[in-house]
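Novice: Take a look at the following structure, please.
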Amino acid sequence: MRNVAIRNWVIGTGTPVLLLAAWWFLSANSTDPFFPPLETILIRFQELWLFDHFQSDVLLSLGNLFLGFAIAAVVGVAVGFATALVPPVRWMIDPLIHFLRGIPPVALVPIFISLIGFGTQMRVTSIALAALFPTMIATVDGIRSVSNDLMDVARVYRLSRKERVFNVLLPAAMPQIFSGLQVSLQVAFIVMIASEMLGSSQGIGAMTLLAQQSFMTADMWAGILLLGVIGFLVNILFSLLKRKVLSWYIGSRRMARAA
Amino acid sequence: MSARPAPPLPLRNRKSTMAQQPETRISATTPRLDVAHLAKTYGSGEKSHTVIEDLTFTVDAGEVVCIVGPSGVGKTTLLKCLAGLHPASSGRAAIDGRTISGPPPEMALVFQDYNRSLMPWLTVRKNLVLPLRHLKLPAAELKERCDSALAAVGLSHADNQYPWQLSGGMQQRVAIARALAYRPEILIMDEPFASVDAQTRFDLEDLCLKIRKDFNMTILVVTHDIDEAVYLADRVVVLGSRPARVLKVVDVDLPAPRDQITTRSLPDFARQRTEVLSLIKRPA
Ligand SMILES: Nc1ncnc2c1ncn2[C@@H]1O[C@H](COP(=O)(O)OP(=O)(O)OP(=O)(O)O)[C@@H](O)[C@H]1O
Ligand SMILES: [Mg+2]
């Protein structure tokens, strides 16, 4: 058991390290303007991101991402609950959900990008709007699939409406809500970058696009590298949160599989 | 496995969802639980399906009544009507003369599907606490109720575990403990001892008789086990099927206190279980 975990960890961290090493050696003597040596890219990476533009661009981008995602998460869950529980809201939102269900969330991104104006506020709004729907739909599905047996228990023991929402429905729907949040996070990340590439002169996306347009390939690669690293770290954070909140669910699934 | 002597039943908020019916006076002869011409039809129109057509029986205060009947006859349906989860299609079920129209505050129900009736995200103890939160009990009483309920079903050691970490029989006992901690005046259980081992089963049967004595609780139990029904009950309601009807209410006249060994070896015990068995075996 322990050995398997160690082996997986070695493979998980070893592969990226190997790939980076391969990149390093294969590109070391490159003169191709589009594929500068990794060494050059890393030097630019350090010069650009770690000090100069860290506050003005990196923090700005991350701030937009988290704010937009947080708004999407809270509003998405709230609207999802209203849709599942309040009939008039259901009549309004259900057709929209049926329409959106068939479309991959990322395919909606162009709509929200066209909404993007200038200024941080508009960017956060478009991130939030785009990321809202996956969480909202997952919440509605999650609540609708809560078993009747649990709701019967809640009724027999006369739980209040508030207790039913926060102590029964919300935790019971949480596994599905989290899969919605995961998609929302990806969408938020994409819209964050796109919004900066299209409507801004600041942020990682804007810097990266600017570098590309002015043929500063090393800078462009440094930007892409940074986006990759951020995406990776954000996903790890999300997984940690998920593992904590859904530990009961992960445990019960493992138990059910073992049985 | 024995319940510690616990304080008497607290007065509970009786502002229930039950309709006040001034025409029915509570008198000494009003049964605690009164099922009169109860009918239940699922669905409507073409697809309607009558499970219970005309069911009548009563349960007096402090009585233990068992319901036996073939699988699929509608026992669970009946209990859900009594618990106010399903509205009756016609006829009525009443507590102290008041028609049940929603879950009554003085009642607890132990569901048949115990593994689907516990909250998997809560530990055993928190499962017990959840129904008690709105009673706003002092912390000490809350703890005492959970402790004694868990001790009563022999699960004191498991209070920090999650239901899915427990065996089926242990989960069932958690569901029973949750009902006990709620301290209902009327306890309804749907095949509560179906998946526990024989020894635990005897212990839980005796626990059932003990809480009836200690709290003067009124208890209604659905069971498949005819011996169990005769051992536990003051009366056994035998149901016949399609649609469900009462074949007979058998009065069990075995002496109290009952004991797993002496009671079960009485000639009267054998006679009464034969009576119930022959009612069920007889082709309907
Ligand atoms: N919610 C429902 N909607 C429609 N039909 C139902 C519903 N619940 C139960 N039934 C039907 O009612 C009948 C009686 O079911 P019920 O669960 O009450 O039987 P039971 O006596 O408890 O059986 P068992 O002893 O196996 O638990 C069955 O035919 C079942 O299919
Ligand atoms: Mg049943």
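The values are calculated or read from the model by the stated rules, or taken from the named source; none is laboratory data. The model shown is predicted, which means the values in this text are computed figures rather than measured ones. Note that we place each Cβ from the backbone using ideal geometry, even for glycine, and neighbour counts take in every protein chain shown. The protein model used for the area step is the full one, side chains on, heavy atoms only, and it has no ligands, DNA or RNA in it. Shrake-Rupley method; radii C 1.70, N 1.55, O 1.52, S 1.80 Å.
Novice: Which residues, taken from region B:104-131, are in contact with a helix residue (DSSP H, G or I) (Cβ under 9 Å, 6 or more places away or on another chain) and open to solvent by 20 Å² or more (accessible area, probe 1.4 Å)?
Specialist: The answer is B:GLN112, B:ASP113, B:TYR114, B:ASN115, B:ARG116, B:PRO120, B:TRP121, B:LEU122, B:ARG125, B:VAL129.
Novice: Which one is farthest from B:ARG173 (Cα to Cα), of the residues in region B:190-205 that are open to solvent by less than 40 Å² (accessible area, probe 1.4 Å) and more than 14 Å from ligand 2 (Cβ to nearest atom)?
Specialist: Here the residue is B:GLU205.
Novice: Pull up region B:232-242, narrow it to residues that are outside any strand (DSSP E or B) and buried (at least 18 other Cβ atoms within 10 Å of the Cβ), then point me to the one that is farthest from ligand 1 (Cβ to nearest atom).
Specialist: The extreme case among them is B:ASP234.
Novice: Now for a separate question. Taking region B:99-141 as the region of interest, how many residues are closer than 17 Å to A:SER160 by Cβ, facing chain A (nearest Cβ under 9 Å) and assigned to a helix (DSSP H, G or I)?
Specialist: Number satisfying all stated conditions: 5.
Novice: Now, a different point. Does B:SER71 fit the bill of being in a loop (DSSP other than H, G, I, E, B) and within 12 Å of ligand 1 (Cβ to nearest atom)?
Specialist: Judged against the criteria, B:SER71 is a match.
Novice: Restricting to region B:142-157, name every residue that is part of a loop (DSSP other than H, G, I, E, B), among the hydrophobic types (A, V, I, L, M, F, W, C) and touching a residue at least 60 places away in the same chain (Cβ under 8 Å).
Specialist: The one that is part of a loop (DSSP other than H, G, I, E, B), among the hydrophobic types (A, V, I, L, M, F, W, C) and touching a residue at least 60 places away in the same chain (Cβ under 8 Å): B:VAL153.
Novice: Continuing with the same structure: Which residues, taken from region B:174-189, are among the small types (Gly, Ala, Ser) and within 16 Å of ligand 2 (Cβ to nearest atom)?
Specialist: Selection gives B:ALA175 alone.
Novice: Looking at region B:49-76, I want the residues that are more than 8 Å from B:LEU239 (Cβ to Cβ) and have a partner that is acidic (Asp, Glu) and more than 8 Å from ligand 1 (Cβ to nearest atom) with Cβ atoms under 7 Å, at least 6 apart or on another chain. Which pairs are those?
Specialist: B:THR58/B:ASP34; B:GLU63/B:ASP234; B:VAL64/B:ASP234; B:VAL65/B:ASP234
Novice: Looking at region B:80-96, can you tell me whether even one residue there is surrounded by fewer than 23 Cβ atoms within 10 Å (Cβ to Cβ), away from ligand 2 (no atom under 16 Å from the Cβ) and among the β-branched types (Val, Ile, Thr)?
Specialist: no
Novice: Within region B:191-205, does at least one residue satisfy the condition of being within 14 Å of another protein chain (Cβ to nearest Cβ) and within 16 Å of ligand 1 (Cβ to nearest atom)?
Specialist: no
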